[in-house]
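Derivation of every value follows stated rules applied to the coordinates shown; laboratory data play no part. If you're wondering where the values come from, they're calculated on a predicted model, not measured in any experiment. Using ideal geometry, Cβ is built from the backbone for each residue, glycine included, and neighbour counts are taken over all protein chains shown.
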Amino acid sequence: MPSKTLTDGTRPGAAQEPSAASAESTRKWWILAVVALAQLMVVLDATIVNIALPSAQADLGFSDGSRQWIVTAYALAFASLLLLGGRIADLFGRKTAFLIGVVGFAAVSALGGAATNFEMLVTARALQGAFGALLAPAALSLLNTTFTDARERAKAFSVYGAIAGAGGAVGLLLGGVLTDALDWRWTLYVNVAIAVVAFAGGWVLLTNHRDAGNSKLDVPGTLLVASGLFALVYGFSNAETHDWGSPLTWGFLIAGGLLLAAFSWWQTRAAHPLLPLRILFDRNRAASFLAVLISGAGMFGVFLFLTYYLQLNLGFSPTKTGVAFLPMVGALMVAAQVGTTVLVPRLGPKTVIPLGFAVAGVGMAWLTGIGVGSHYLSAVLPQLIVTGLGLGLVMPPAMQLATGGVAAEDAGVASATVNAMQQVGGSIGTALLNTLAASAATDYLAGKDPTNKLVQAQATIESYTTAFWWSAGFFAAGAVIAFVLFRRGVPEQDADAAPVVHM
């Protein structure tokens, strides 16, 4: 039967096809904007409160010993519940998980901002971590299932990875600005404003797609992995605040290791495993998970100790400290774009990711040249830019490869594993580097006059440079591990792995 034609000779619908494709493409990029905004909110809260802690402590009157729990409560809840959050997104729909995560995160942020005592603030931080554990995997899996064209996917992950890598520095800047200009409470209230935009965008743009709707929740697996990750992160946090010889430290670390081993065993037998082991068996994906873990551990050497150095030694205000990190953020974003869209598609991850680790390692080693009388422009700025360039070649490509090629029903839990690796890496890095830095300062002071201000200042420099050297070592190890584990060649694009979700 001959096809109908319009008076101009075209078939009905032919003129609409390009505009429909254009509208779908536009919608994808708006989804990226919403997802990136939500991810920024989650990443910000790992650091934004840090700068505000002295003000919050003075206002609410809690002790120095209690102060670390404002940070640790968030990390513990976030890390231990991530895999559960990812599976919930797969089972009940990513839009549902995303919107509940956004609303919950905003509500408990407002609760924290209105805190009248320490208990109320630390409870709000723990609840932030719990809702973040639902929101972060849903956001990343939405990205993974929305962008399946190789070129578009690379661009989307360059943006997402840059936010994941640079969010900590942005958090320091925003935390400083809000604390200086308004009040420490606004480091929490700001999430409400971000969440309103993210919720509105998610409500309009997303539909509730359930890729694992026929599966069931693996309750034993959930309990094992949540308690295992909690014990692991708590053990490292305890080492950071007490010491490595503490029975509590080793008790929790050993318990965490045993629980995670039991979880791995159970996943081979569960009818509906929380983390299907097929996700880990791909060589590039396993290498990417390790790359995210190592970069998370090493990055804390930049943010944590350089923040101390800029404020305590160079006398920077909180706002100026945040601004000082911006060149690193810019370098990271440029490298993220080039790495994911140009270098990895042409050279493959076996070349690009080890190169990124090596460049970041050079930047950190160069940063060990700081001294008591150093200047930011010569002793910090170039080194930050080099480190940012290196991390930009590691994190976004690793996140893209870690979530690429998974079956759509596993997208949420694969995304959660990426977030868990970054969180656990950060906890390991913070604990190790804090301990090593403290030991270096103590060793330097041995046999010297500890009341001498110059000696004290030099001892702090010694602690910072020790942390920077170890961060450089982490990145060097990352370069070797990535080079050994990643497969040669350019990764193949599997069009059937995670089909486009028509939203």
Would you mind estimating how fast the chain diffuses translationally, via Stokes-Einstein at 4 °C and 1.567 mPa s with the Kirkwood radius over Cα pairs, in µm²/s? 56 µm²/s
Under Karplus coefficients 6.51, -1.76 and 1.60, residue-wise ³J(HN,Hα) of region 414-427 in Hz, glycine/proline x: 5, 5, 5, 5, 4, 4, 5, 4, 5, 5, 5, x, x, 5
With viscosity set to 1.567 mPa s at 4 °C, what whole-number translational diffusion coefficient in µm²/s follows for region 281-361 from Stokes-Einstein and a Kirkwood radius over Cα pairs? 89 µm²/s
Quick one: if the Förster radius is 30 Å, what FRET efficiency do ALA262 and VAL484 give, using the C-beta to C-beta distance and rounding to 0.05? 0.60
Please compute one quarter of the surface area of the Cα convex hull for region 363-475 and express it in square nanometres. 8.3 nm²
Could you give the length gained on full extension between ALA477 and MET120, defined as 0.36 nm per residue of separation minus the Cα-Cα distance, in nm? 124.4 nm
When only alpha-carbon atoms are used, what values of Rg and Dmax, in angstrom, describe region 218-273? 12.8, 41
Quick check: residue separation of VAL342 and ALA33 times 0.36 nm, minus the Cα distance between them. What number comes out in nm? 109.1 nm
Round to the nearest 0.05 the FRET efficiency obtained for ASP180 and LEU454 when R0 = 30 Å and r is the Cβ-Cβ distance. 0.55
Could you work out the relative contact order of region 218-273? I mean the mean sequence separation of Cα pairs under 8 Å and 6+ apart, divided by the number of residues, in percent. 47 percent
Round to the nearest 10 and give me the degree value, 0 to 90, for the angle of helix 94-113's Cα axis relative to the longest principal axis of the chain. 30 degrees
Among THR466, GLY322, ALA416, whose Cα sits farthest toward the positive end of the charge dipole of the chain (+1 at Cβ of Lys/Arg, -1 at Cβ of Asp/Glu, about the Cα centre)? ALA416
If one computes the Cα centroid of region 48-114 and of region 294-325, what distance in Å separates the two points? 22 Å
Given +1 on the Cβ of Lys and Arg, -1 on the Cβ of Asp and Glu, and no further charges, what dipole in debye does the chain carry about its Cα centre, rounded to the nearest 20? 820 debye
For an R0 of 56 angstrom, estimate the FRET efficiency from the Cβ-Cβ distance between PHE281 and LEU312 and round to the nearest 0.05. 0.75
Given the Cα atoms of region 256-309, and with Rh set as the inverse mean 1/r over their pairs in the Kirkwood sense, what is Rg to Rh to two decimals? 1.18
If one computes P(r) from the Cα atoms of region 245-390, what percent of pairs lie at distances over 25 Å? 49 percent
Multiply the residue gap between GLN68 and THR442 by 0.36 nm, knock off their C-alpha separation, and tell me the result in nm, one decimal place. 132.5 nm
Let me have the relative contact order for the chain, percent, based on Cα pairs under 8 Å that are six or more residues apart. 22 percent
Can you compute the equivalent ellipsoid semi-axes for region 356-411, i.e. the square root of 5 times each eigenvalue of the Cα gyration tensor, sorted largest first and rounded to whole Å? 35, 9, 8
If you find the alpha carbon centre of region 116-190 and of region 354-373, how far apart are they in angstrom? 26 Å
Hull surface divided by four, with the convex hull built on the Cα atoms of region 318-422: how many nm²? 8.1 nm²
